[in-house]
1. State yes or no: is LEU390 open to solvent by less than 10 Å² (accessible area, probe 1.4 Å) and at pLDDT 95 or above?
2. Of the conditions (1) more than 15 Å from ligand 1 (Cβ to nearest atom); (2) surrounded by 15 or more Cβ atoms within 10 Å (Cβ to Cβ), TYR229 fails just one. Which one is it?
3. Exactly one of these conditions fails for SER129: (1) surrounded by fewer than 18 Cβ atoms within 10 Å (Cβ to Cβ); (2) closer than 30 Å to GLU198 by Cβ. Give me its number.
4. Based on this model, can you work out whether PRO261 counts as in contact (Cβ under 8 Å) with a residue 60 or more places away in the chain and open to solvent by 30 Å² or more (accessible area, probe 1.4 Å)?
5. For the stretch 164-175, which residues satisfy the criterion of being in contact with a Ser or Thr (Cβ under 9 Å, 6 or more places away or on another chain) and not hydroxyl-bearing (Ser, Thr, Tyr)?
6. What number goes with the only condition from (1) more than 16 Å from ligand 2 (Cβ to nearest atom); (2) out of contact with any helix residue (DSSP H, G or I) (no Cβ under 9 Å at 6 or more places or on another chain) that PRO226 does not pass?
7. Filter the stretch 167-197 down to residues that are more than 16 Å from ligand 1 (Cβ to nearest atom), under 20 Å from ILE102 (Cα atoms) and of a type in the set (D, E, K, R) and give me whichever is surrounded by the most Cβ atoms within 10 Å (Cβ to Cβ).
8. From the list ALA260, ALA270, ALA313, ALA324, which residue is at pLDDT 95 or above and within 14 Å of ligand 2 (Cβ to nearest atom)?
Amino acid sequence: MADKQIDPALIADHNQNALADMLADYDALGAKLARQNVDIEQLTQKAVDFGVAIPSWGVGTGGTRFARFPGLGEPRNIYEKLADCAVIAQLSQATPTVSLHIPWDRPDDPAELRETAASWGLGIDAMNSNTFQDHDDMPLSFKYGSLSHTDEAVREQAIAHNIDCIEIGQKLGSKALTVWIGDGTNFPGQQSFTRSFERYLEAMKKVYAALPDDWRVFIEHKIYEPAFYSTVIQDWGSNYLAAKELGDKAQCLVDLGHHAPGVNIEMIVARLFQFGKLGGFHFNDSKYGDDDLDAGSINPYQLFLVFNELVDAELSNPSGFNPAYMLDQSHNVTDPIESLISSAVEVQRAYIQALLVDRAKLADYQDTNDVMMANRTLKSAYITDVSPILAMARHRAGGAIDPITTYRATGYRETVGKQRPARKGSGGGIV
Ligand code: LRH
Ligand code: MN
């Protein structure tokens with residue numbers, strides 16, 4: 001039985017106040033769905049079984065290149081980050097794992113860290129390498145790139161770092177490595193697109209060779225930043241080519257914020273799954289660039305359309321369906337714990353809404369080119385308020401019916417605010 005960060009009695013008290021309304025809403029939705037031959041209990045179980053990983057780097061206050069305004073009780077190390085993740089998991093019951101970033105989360109004692117996480121009912125999800133910053137314990141700079149750098153010694157340094165992340169991850173029970181590199185150029189002519197990609201592939205083959213049999217490597221594409229003219233793994237095309245080149249254990253990770261405004265991300269998801277290269281997601285939201293805003297806060301319909309493709313994919317080929325779901329956000333003006341709770345719930349919401357799509361009816365309308373009815377079939381699922389299902393799932397799993405109100409009632413932020421010394425505001429940087 002996992003240790004609890006929040007006194008379960010406090011959650012039970014709060015749930016007691018919200019229970020009657022939640023049950024009334026749940027029964028009303030159940031009756032509505034029954035008229036559509038949909039069993040609400042099946043959906044609630046799907047919600048209970050759903051999980052999305054928390055980014056360890058997301059529980060600290062984020063910033064931009066202009067500034068970072070630290071909040072109260074900033075976590076100072078991976079143990080305090082895990083403590084905050086445990087609060088999110090206990091209240092939302094939708095975030096069973098944490099994704100780590102090295103060196104930010106490098107553990108002195110991996111076994112002890114794994115135990116501590118497990119004591120809070122948390123597993124360790126994908127490990128993230130970092131060759132987009134220079135590290136004190138590394139002699140060479142990644143200023144001009146890492147795995148695609150022109151200097152073999154720098155590439156070897158980047159390869160060694162990724163292999164180090166795998167070894168740490170093995171001790172923590174992780175099963176995947178996410179490789180996002182900022183390698184690219186700011187000026188036309190600065191580098192050869194082809195030779196950069198060749199160097200990257202050669203280097204990644206050495207990382208790939210170090211993967212244990214039951215591991216995967218997720219390649220994450222991004223259209224720009226920190227490079228502002230070209231990026232080596234710029235889009236799903238370069239990502240897919242690299243994953244194909246490397247082998248079956250290499251798959252593509254889709255960070256929703258890494259595409260140009262207007263790109264049809266749900267179609268990219270369908271393509272990558274169709275060709276067996278859909279590895280996972282970094283869920284967040286954005287309006288312009290890689291804004292790393294809360295998932296579902298700007299364009300919840302897009303999040304729904306992504307899950308619509310995922311539900312379709314799972315139904316079409318269940319055995320080949322194993323995408324890793326992770327959040328990747330930067331919380332600059334909200335309490336990170338509240339944002340991560342709310343974002344996990346919004347991702348879970350998009351999944352349950354997508355399960356409501358009458359796929360047989362949709363296929364008929366598509367086959368007969370009844371455009372209006374096809375779109376309405378999708379839209380009717382999206383406009384269904386599934387909040388009672390999400391609340392019931394949390395309630396049944398021991399979480400909070402209204403997690404953010406309950407979180408505020410715990411006074412957790414004030415408590416850690418007293419325990420953890422205040423952090424001074426600083427210049428740029430996301431963490
Ligand atoms: C790059 C990225 C990547 C992480 C970093 C924190 O923009 O999405 O996934 O390593 O954010
Ligand atoms: Mn990301």
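1. So LEU390 passes the test.
2. (2)
3. (1)
4. Details: in contact (Cβ under 8 Å) with a residue 60 or more places away in the chain: no; open to solvent by 30 Å² or more (accessible area, probe 1.4 Å): yes.
Taking the combined requirement at face value, the residue does not satisfy it.
5. Scanning the stretch 164-175 gives ASP164, CYS165, ILE166, ILE168.
6. (1)
7. Filtering the stretch 167-197 down to residues more than 16 Å from ligand 1 (Cβ to nearest atom) leaves 167, 170-173, 175, 185-197.
Adding the requirement that they be under 20 Å from ILE102 (Cα atoms) leaves 167, 170-173, 175.
Still in the list and also of a type in the set (D, E, K, R): 167, 171, 175.
On the way: GLU167: 12, LYS171: 14, LYS175: 17.
Here the answer is LYS175.
8. Working: ALA260 fails: within 14 Å of ligand 2 (Cβ to nearest atom); ALA270 fails: within 14 Å of ligand 2 (Cβ to nearest atom); ALA313 fails: within 14 Å of ligand 2 (Cβ to nearest atom).
Testing whether each residue is at pLDDT 95 or above and within 14 Å of ligand 2 (Cβ to nearest atom) leaves just ALA324.
The values are calculated or read from the model by the stated rules, or taken from the named source; none is laboratory data. Every value quoted in this text rests on a predicted model; they were computed, and no experiment measured them. We place every Cβ from the backbone using ideal geometry, glycine too, and count neighbours over all the protein chains shown. Ligands, DNA and RNA are stripped out before the accessible areas are found, and what is left, the full protein with its side chains, is counted by its heavy atoms. Shrake-Rupley method; radii C 1.70, N 1.55, O 1.52, S 1.80 Å.
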